[in-house]
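Asks: Got a structure here, written out as structure tokens. Questions coming.
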Amino acid sequence: MTILNKHYIDGVWTSGQGGRDFPILNPASEAQIGTVTLGTAADVDRAVAAAARAFESYSRTTKSERLGYLRALQAALEARINDMGDAISAEMGAPITLARNAQAGCGPRHAAAYIAALEAHSEEYSLPNGDIIRKDPIGVCGLITPWNWPINQIAQKVMPALAVGATCVLKPSEHTPLSAAIFAQCVHEAGLPAGVFNLVFGDGPGVGSAMSRHPDVAMMSFTGSTRAGAMVSRDSAETVKRVALELGGKSANLVFADADLETCVAASVQRCFLNTGQGCNAPTRMLVERSCYDAVLDLARKAAEAQAVDDPAKEGGHIGPLFDKMQFERVQAMIQLGLDEGARLLAGGPGRPDGFDKGWFVRPTIFADVSNDMRIAREEIFGPVLCIIPFDTEEDAIRIANDSDYGLAAYVQTGSAGRARRVARQLRAGVVAINGQGASYGSPFGGYKHSGNGREGGAFGLEEYLEVKVMPSIDAMADAGRFTTD
């Protein structure tokens, strides 16, 4: 049983100012594996004060110094890959192979991308009109991260803040505190100055809102549901702080008849079910050209039936459970809703898979003959549930894909380079993958519409944590004799 009863504030692990205990549960067994003590507004005040003090000196560090810290953090995360994978698998149910290779492995890979971005970053440069642009760190940043890809989102927020000279207070999901604690240990091992990075465990109402409303927090970066993101924006409005949001998605996957159907359909189903469907950019709406519709349904059904579900402690390419009971019940309700709405069940369905009588395991499910006005096609389910929708023309496919409140990602499957280019340009989404090729580390990630605002990753990620200052060229003024001394 792991007990997390301290927060990381001002460079040390310290007891909180009150706060209740929250159970850490294993989604596969439903057993309690630990306890985390949630923070309070008083803990946020201490963390923000520490970050504000640290900002005075850390904001003046050189790029070379900050590159050194990032490289040390990268090395520390690399050394803890196995520990991090074990923690993520235990606390949110990701199969250990995925937890180690993709979930934990993204930490050092994001570090490498931000190191490259910072190396190329110019803190000061000239405009064509001769004025000087200076990029300054924004100040103290409040960071709120989700449970589904815990280290991915922590890295995507903490690393760019540290890279540009900002300081931060992190509130990880209360459901995945084990991996967050290991990340904080890695930051400590990297030797960052006290107060630059702070971690306060807590929930949204108790800690998240206190961060969003805090007058000394200059920026909030949030990843999670659209509903919660709107609450962060409202809480932040009174103090006029910058807000960056990475929210939900209902990503369309456009499958044209000229695509390599044998390859792309199986890969698309697997991509939808990845992490048990708990991904904001999962391709959960498969739009299929009618001339190949029946063939795609057959291939999709076979892929779903081949998708193994098993204990996340085992190695392999299977999927594990959903992360908690509430999510399990929501996904079950949405599967039943699909049946009630008249969609045709192609694979899966309600209930647990055969052989599972405990844990939050669900059956990989596919609905065919879905209409885009059905709730299962419009609402984010966040489970291994795929909706297949037929279309007749390219224009029809683009219209259906864009007919969504969300715009995080989109996917295109076609044998035509011209069509790929033409369709991708018209999709209202922040990231477009083509024939299985997506964006790389260091590229921007974020969405249109209700999927949020701002971008994470690489140079675009750095910009989120920077203020822009303009001033005349002092060198030019000196050359013109506008100063009397150097």
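Asks: Kindly indicate the residue of segment 447-472 that is more than 20 Å from the chain's Cα centre (by Cα) and under 30 Å from Ile115 (Cβ atoms) and also surrounded by the most Cβ atoms within 10 Å (Cβ to Cβ) among those meeting that condition.
Replies: Keep residues of segment 447-472 that are more than 20 Å from the chain's Cα centre (by Cα), which gives 466-472.
Keeping just the survivors that are under 30 Å from Ile115 (Cβ atoms) gives 466-471.
Working: Leu466: 19, Glu467: 15, Val468: 9, Lys469: 11, Val470: 10, Met471: 10.
If we take residues in segment 447-472 being more than 20 Å from the chain's Cα centre (by Cα) and under 30 Å from Ile115 (Cβ atoms), then Leu466 is surrounded by the most Cβ atoms within 10 Å (Cβ to Cβ).
Asks: Take the residues of segment 47-70 that are among the charged types (D, E, K, R) and over 27 Å from the mean Cα position of the chain (by Cα): which is farthest from His121 (Cα to Cα)?
Replies: Narrowing segment 47-70 to residues among the charged types (D, E, K, R): 53, 56, 60, 63, 65-66.
Then drop every residue that is not over 27 Å from the mean Cα position of the chain (by Cα), which leaves 53, 56, 60, 65.
On the way: Arg53: 25, Glu56: 21, Arg60: 16, Glu65: 14 Å.
It comes out as Arg53.
Asks: Further, regarding this structure: Tally the residues that are farther than 30 Å from Thr223 by Cβ and not in a strand (DSSP E or B), restricting the search to segment 444-486. Can you show your working first?
Replies: Kept after step one, since they are farther than 30 Å from Thr223 by Cβ, are these residues of segment 444-486: 470-486.
Narrowing the set further to residues that are not in a strand (DSSP E or B) leaves 472-486.
Looking only at that region, the number is 15.
Asks: Does Asp43 satisfy the condition of being crowded, with 21+ Cβ neighbours inside 10 Å, assigned by TED's automatic domain parsing to the domain that holds Ile138 and more than 24 Å from the chain's Cα centre (by Cα)?
Replies: Considered against the rule, which asks whether it is crowded, with 21+ Cβ neighbours inside 10 Å, assigned by TED's automatic domain parsing to the domain that holds Ile138 and more than 24 Å from the chain's Cα centre (by Cα), Asp43 comes out as yes.
Asks: Considering only segment 444-486, how many residues are touching an Asp or Glu at 6+ places or on another chain (Cβ under 9 Å), small (Gly, Ala, Ser) and more than 18 Å from Lys241 (Cβ to Cβ)?
Replies: Qualifying residue count for the region: 5.
Asks: State whether the residues of segment 116-131 include one that is in contact (Cβ under 8 Å) with a residue 60 or more places away in the chain and in a strand (DSSP E or B).
Replies: The answer is yes, given that some residue of segment 116-131 is in contact (Cβ under 8 Å) with a residue 60 or more places away in the chain and in a strand (DSSP E or B).
Asks: Whether any residue in segment 185-199 is assigned to a loop (DSSP other than H, G, I, E, B), closer than 16 Å to Ile138 by Cβ and touching a Leu at 6+ places or on another chain (Cβ under 8 Å) is what I want to check.
Replies: Scanning segment 185-199 turns up at least one residue that is assigned to a loop (DSSP other than H, G, I, E, B), closer than 16 Å to Ile138 by Cβ and touching a Leu at 6+ places or on another chain (Cβ under 8 Å).
Asks: Also: State all residues of segment 79-113 that are under 19 Å from the mean Cα position of the chain (by Cα) and either assigned to a loop (DSSP other than H, G, I, E, B) or more than 30 Å from Ile319 (Cα to Cα) (or both); if no residue qualifies, say none.
Replies: Gly93, Ala94, Pro95, Gly105
Asks: Any residue that is assigned to a strand (DSSP E or B), of a type in the set (Lys, Arg) and not assigned by TED's automatic domain parsing to the domain that holds Gly93 - is there at least one of those in segment 338-360?
Replies: Filtering segment 338-360 for residues assigned to a strand (DSSP E or B) gives 344-347.
If we keep only those that are of a type in the set (Lys, Arg) as well, we get 344.
From what's left, not assigned by TED's automatic domain parsing to the domain that holds Gly93: 344.
Scanning segment 338-360 turns up at least one residue that is assigned to a strand (DSSP E or B), of a type in the set (Lys, Arg) and not assigned by TED's automatic domain parsing to the domain that holds Gly93.
Asks: Before we move on, is Arg66 at pLDDT 95 or above, part of a loop (DSSP other than H, G, I, E, B) and assigned by TED's automatic domain parsing to the domain that holds Ala111? If you could, list the steps in order and put the result at the bottom.
Replies: Working: at pLDDT 95 or above: yes; part of a loop (DSSP other than H, G, I, E, B): no; assigned by TED's automatic domain parsing to the domain that holds Ala111: yes.
No; evaluated as a whole, the condition is false for this residue.
Asks: Return the residue satisfying two criteria in turn: it lies in segment 390-405 and is of a type in the set (A, V, I, L, M, F, W, C) and closer than 22 Å to Tyr448 by Cα, and of such residues it is surrounded by the fewest Cβ atoms within 10 Å (Cβ to Cβ).
Replies: Applying the first criterion (of a type in the set (A, V, I, L, M, F, W, C)) to segment 390-405 yields 391, 397-398, 400-401.
Now drop any that are not closer than 22 Å to Tyr448 by Cα, which leaves 397-398, 400-401.
Working: Ala397: 24, Ile398: 21, Ile400: 19, Ala401: 27.
Among them, the one singled out is Ile400.
Asks: Please count how many residues of segment 438-454 are within 14 Å of Gly249 (Cβ to Cβ) and either aromatic (Phe, Trp, Tyr) or touching a helix residue (DSSP H, G or I) at 6+ places or on another chain (Cβ under 6 Å) (or both).
Replies: Qualifying residue count for the region: 3.
Asks: Filter segment 242-263 for residues that are crowded, with 23+ Cβ neighbours inside 10 Å and either of a type in the set (Phe, Trp, Tyr) or closer than 20 Å to Arg421 by Cα (or both) and give the result.
Replies: Within segment 242-263, Ser251, Ala252, Asn253, Leu254, Val255, Phe256, Ala259 qualify.
Asks: For residues in segment 379-437 being in a helix (DSSP H, G or I) and of a type in the set (S, T, N, Q), which is nearest to Trp149 (Cα to Cα)? Walk me through it before giving the result.
Replies: Filtering segment 379-437 for residues in a helix (DSSP H, G or I) gives 394-402, 417-426.
Imposing the further condition that a residue be of a type in the set (S, T, N, Q) reduces the set to 402, 426.
Values: Asn402: 26, Gln426: 29 Å.
Checking each candidate, the answer is Asn402.
Asks: Hey, can you tell me all the residues within segment 325-343 that are touching a helix residue (DSSP H, G or I) at 6+ places or on another chain (Cβ under 9 Å) and surrounded by fewer than 17 Cβ atoms within 10 Å (Cβ to Cβ)?
Replies: Taking segment 325-343 and keeping what is touching a helix residue (DSSP H, G or I) at 6+ places or on another chain (Cβ under 9 Å), we get 331, 334-335, 337-338, 341, 343.
Those that are touching a helix residue (DSSP H, G or I) at 6+ places or on another chain (Cβ under 9 Å) and surrounded by fewer than 17 Cβ atoms within 10 Å (Cβ to Cβ): Leu337, Glu341.
Asks: Another question, if that's okay. Just give me the residues in segment 3-31 being part of a loop (DSSP other than H, G, I, E, B), under 28 Å from Val309 (Cα atoms) and either assigned by TED's automatic domain parsing to the domain that holds Trp360 or touching a Gly at 6+ places or on another chain (Cβ under 9 Å) (or both), in sequence order.
Replies: Within segment 3-31, Asn26, Pro27, Ala28, Ser29, Glu30 qualify.
Asks: So in segment 398-424, with the set limited to residues that are among the small types (Gly, Ala, Ser) and over 18 Å from Gly249 (Cβ atoms), which one is nearest to the chain's Cα centre (by Cα)?
Replies: Restricting attention to segment 398-424, the residues satisfying the condition of being among the small types (Gly, Ala, Ser) are 401, 404, 407, 409-410, 415-418, 420, 424.
Applying the additional criterion that residues be over 18 Å from Gly249 (Cβ atoms) yields 415-418, 420.
Working: Gly415: 30, Ser416: 31, Ala417: 30, Gly418: 31, Ala420: 26 Å.
Checking each candidate, the answer is Ala420.
Asks: While we're looking at this one, here's another question. For the condition assigned by TED's automatic domain parsing to the domain that holds Arg71, within 20 Å of Ala50 (Cβ to Cβ), in contact with a Lys or Arg (Cβ under 8 Å, 6 or more places away or on another chain) and in a helix (DSSP H, G or I), what is the one hit in Val207, Val158? Give the steps one after another, and end with the answer.
Replies: Details: Val158 fails: in contact with a Lys or Arg (Cβ under 8 Å, 6 or more places away or on another chain).
Criteria check complete, one pass: Val207.
The values are calculated or read from the model by the stated rules, or taken from the named source; none is laboratory data. Just so we're clear, the structure is a prediction, and the values are computed from it rather than from any experiment. Glycine gets a Cβ as well: all are built from the backbone with ideal geometry, and neighbour counts include every protein chain shown.
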